[in-house]
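Scroll down for the structure; my scribbles are underneath it.
We did not get these values from a lab; they are worked out from the coordinates using the rules stated. The shown structure was predicted, so the numbers you read here are calculated from the model rather than taken from an experiment. Note that each Cβ is placed from the backbone with ideal geometry, even for glycine, and that neighbours are counted across all protein chains shown.
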Amino acid sequence: MNAKNLKILAAVFVVLVVAFLLLKQGDSGTAANTVLLPDLKSQINDVSVLRIRNGNDTVSVEKAGETWAIRERSDYPANVGTLRDLLLALADAKVIEYKTSRPDKYHLIGVNDPSDEGSEAHEIAINGDGFEYVVILGKPAQDSYRYARVGGQSQSLLIDQDPDISAAAGSWLAPGLVDISAERIQRVSITHADGEEIVIEKASEEAEGFDVLDIPDGRELSYAGVANGIADTLVELSLDDVRRAPAEEVIPGTTTIFRTFDALRIEIGIVEDGDSSWISVRASAEDGADTDVQDEAAGINDRVSGWSYAIPDHKLNLLKRRLEELLKTPETE
């Protein structure tokens, strides 16, 4: 190869390198720890609406007076802690690095349109009096970072926050229903639609466990304390989802009643709806209850009346126990 051809090849190589650099320019680069949303921190107490969208799922958390509620769940109270954590994470977020500004590459880091098929992006809209922010949060990066893009801007970013986000309304509900320790429980009855009933009770507050009443002749419990788990059901009983209770009363398939030593009564009705189970909760103070218990029952009813709840499966299964599940399998010849 002569010298002329070598010069031509060298010139072509230089042109290709320059073209590559020009194409890559603006695709990524370092950032000087700039704040993602500079004014949000000073406006955070004035936020009135937060919406998260992913695909066809949207959740709207809206402020009404001093409370926050989920529009998609008939204005059921929201989990204020989850809301606060997300807003603070976005207010504190700093840009670590500039990433791609090319829409055809957005999907690689999850900052494409949330309505795109298979999109992993979550669009977060934050509204208040006179301001609005829109941020698209993409895939997590490293241990505690996340890709992001501010609405209306082409430049994607790597930020130093990785907030928990979900467009499922159930993830934003205030979780607590009731929280009653097993030590307070004196008696539990479970009545099924077919007439079967389980009754467990504790002889005294000092007793270590619950006795199962009316065990059939020739049968025995599968192990000592097998019934104790039923009494734990009301410990930090939380919800997975919620809906308005039907206007007309529905006869539950199973009714579970808890009575405490200090005369609090909790009645839980379980209604099967297709593949789902929904519970209703009703509290009352029985004869002999003191003022604190009466107030406790009123507070529970204020919170749960008019609603039906989906609860975690392990709690639901305890509420629907049958006697055969507590007994040792009969020996067969």
Length gained, ASP273-LYS41, 0.36 nm per residue minus C-alpha separation, equals 79.1 nm
Report the charge-dipole magnitude of segment 176-326 in Debye, nearest 20, computed about the Cα centre from +1 at each Lys and Arg Cβ and -1 at each Asp and Glu Cβ.
-> 300
Return the calculated 222 nm mean residue ellipticity for the chain, to the nearest 500 deg cm²/dmol, obtained by summing -39500 (n - 2.57) across DSSP H runs with n ≥ 4 and dividing by the residue count.
-> -6000 deg cm²/dmol
Under Stokes-Einstein, segment 220-333 at 4 °C and 1.567 mPa s, with its Kirkwood radius over C-alpha pairs, diffuses with a coefficient in µm²/s of 82
In percent, how large is the relative contact order of the chain, given Cα pairs closer than 8 Å and 6 or more residues apart?
-> 14
Degrees, to the nearest 10: 291-304 long Cα axis against longest axis of the chain = 50
May I ask you to list the residues of segment 227-254 whose amide nitrogen lies under 17 Å from a point 7 Å from Cα along the Cα→beta-carbon direction of GLU62?
-> 244
Helix 80-92 axis, angle to the chain major axis (alpha carbon atoms, nearest 10°) = 20
Any idea what the dipole of the chain comes to, in debye rounded to 20, about its Cα centre with Lys/Arg Cβ at +1 and Asp/Glu Cβ at -1?
-> 2840
Tell me, what HN-Hα J-couplings in whole Hz come from the Karplus equation 6.51 cos²θ - 1.76 cosθ + 1.60 at θ = phi - 60° for each residue of segment 151-159, using x for Gly and Pro?
-> x, x, 10, 8, 6, 8, 9, 10, 10
Which order do peptides 249-259, 291-301, 88-98 fall in by mean Cβ count within 10 Å, highest first?
-> 88-98, 249-259, 291-301
With the dipole of the chain defined by +1 on each Lys or Arg Cβ and -1 on each Asp or Glu Cβ, the option from ALA298, VAL188, LEU327 whose Cα lies farthest towards the positive pole is ALA298
Magnitude of the Cβ-charge dipole (Lys and Arg +1, Asp and Glu -1) of segment 27-172 about the Cα centre, nearest 20 debye, reported as 140
Seen from all sides and averaged, what is the projected area of the convex hull of the Cα atoms in the chain, in nm²?
-> 30.8
The number of Lys pairs in segment 27-172 whose alpha carbons lie under 24 Å apart, excluding pairs fewer than 8 residues apart on one chain, is 7
On a 0 to 90° scale, report how tilted helix 3-24 is relative to the longest principal axis of the chain, with both axes built from alpha carbons and the result rounded to the nearest 10.
-> 40
Can you give the translational diffusion coefficient of segment 248-290 in µm²/s, computed by Stokes-Einstein from the Kirkwood radius over Cα pairs at 25 °C and 0.890 mPa s?
-> 213
Positive-end extreme of charge dipole, segment 27-172 - chosen from LEU83, SER166, PRO103 (charges on Cβ) = PRO103
Longest to shortest principal axis, alpha-carbon extents of segment 27-172, angstrom | 44, 35, 29
Which of VAL150, SER204, ALA69, positive extreme of dipole for the chain (C-beta unit charges) | VAL150
